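Chemist: Can you read through this structure? Questions will come right after.
Where a number appears in this text, it was derived from the coordinates with a stated rule and is not lab data. Given the structure is predicted, the values throughout are model-derived calculations rather than measurements. Note: ideal-geometry Cβ built from the backbone for every residue, glycine included; neighbour counts use all protein chains shown.
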Amino acid sequence: MLFTEYLDSVENTDDEARLLEEIAKFKDDLAQAVSVPLVGKIVRAIAALGELGSIEAFKQSEHYHYIEGWDASIDLDKGMFSLYPGAEQRKTILKILAFIGAGIFFLWLFCKCKRRKKA
């Protein structure tokens, strides 16, 4: 489920308060993870959600657009909360990995041909 859809479904319910409580528990861990490259912005957005205290205020913040497109797996009864790249982001990652793989393959072929010419 998209995280933005989840936020829309729990807004102004008891689950909103429970979600914000769970995020508040991880405040120190989130503060340390903000400086991690590539995921720092999403972690900063989650920390902002906990600090702002409501989903409505979070939607008005500049951090909201960083979580768009991210999928979420949330089970508040177990205290489980995880975010991972959404479908569009996974397609982009796959394209980048395919490009890198093709580059490595062609580099390997080039080196192999160079060795044959020397022999």
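Chemist: Please pull out the direction-averaged projected area of the chain, using the convex hull of its alpha-carbon atoms, in nm² to one decimal place.
Modeler: 10.0
Chemist: Can you tell me the mean projection area, over all orientations, of the convex hull of the range 55-119's alpha carbons? Units nm², please.
Modeler: Computed as one quarter of the Cα hull surface, the answer is 7.7 nm².
Chemist: May I ask for the angle, rounded to the nearest 10°, between helix 87-118 and the longest principal axis of the chain, with both axes built from Cα atoms and the value confined to 0 to 90°?
Modeler: 20
Chemist: Are there any GluC sites (Glu not before Pro) in the range 10-41 that are in a DSSP loop and have at most 16 other Cβ atoms within 10 Å? List them by number.
Modeler: GLU11
Chemist: So who's got an amide H within less than 5 Å of the one on ASP71, skipping anything under 5 residues away but keeping other chains? H placed 1.01 Å off N, in plane.
Modeler: PHE3, TYR84, GLY86
Chemist: Only helical DSSP H runs with n ≥ 4 go in: add -39500 (n - 2.57) per run for the chain, normalise by residue count and round the 222 nm mean residue ellipticity to 500 deg cm²/dmol.
Modeler: The helix-only estimate for the chain comes to -21000 deg cm²/dmol at 222 nm.
Chemist: What list of ³J(HN,Hα) values in whole Hz, one per residue of the range 47-56 in order, does the Karplus curve 6.51 cos²θ - 1.76 cosθ + 1.60 (θ = phi - 60°) give from phi, with Gly and Pro shown as x?
Modeler: Karplus values, whole Hz, x for Gly and Pro: 5, 5, 4, x, 6, 6, x, 7, 5, 4.
Chemist: Same structure, new question: Determine the principal axes of the Cα atoms in the range 1-53, then give the extent along each, sorted from largest to smallest and rounded to whole angstroms.
Modeler: Result, largest extent first: 32, 21, 15 Å.
Chemist: From the phi of every residue in the range 64-74, what ³J(HN,Hα) in whole Hz does the Karplus formula 6.51 cos²θ - 1.76 cosθ + 1.60 yield, where θ is phi - 60° and glycine or proline is x?
Modeler: These are the phi-based 3J(HN,Hα) values: 4, 5, 6, 9, 5, x, 8, 8, 9, 10, 10 Hz.
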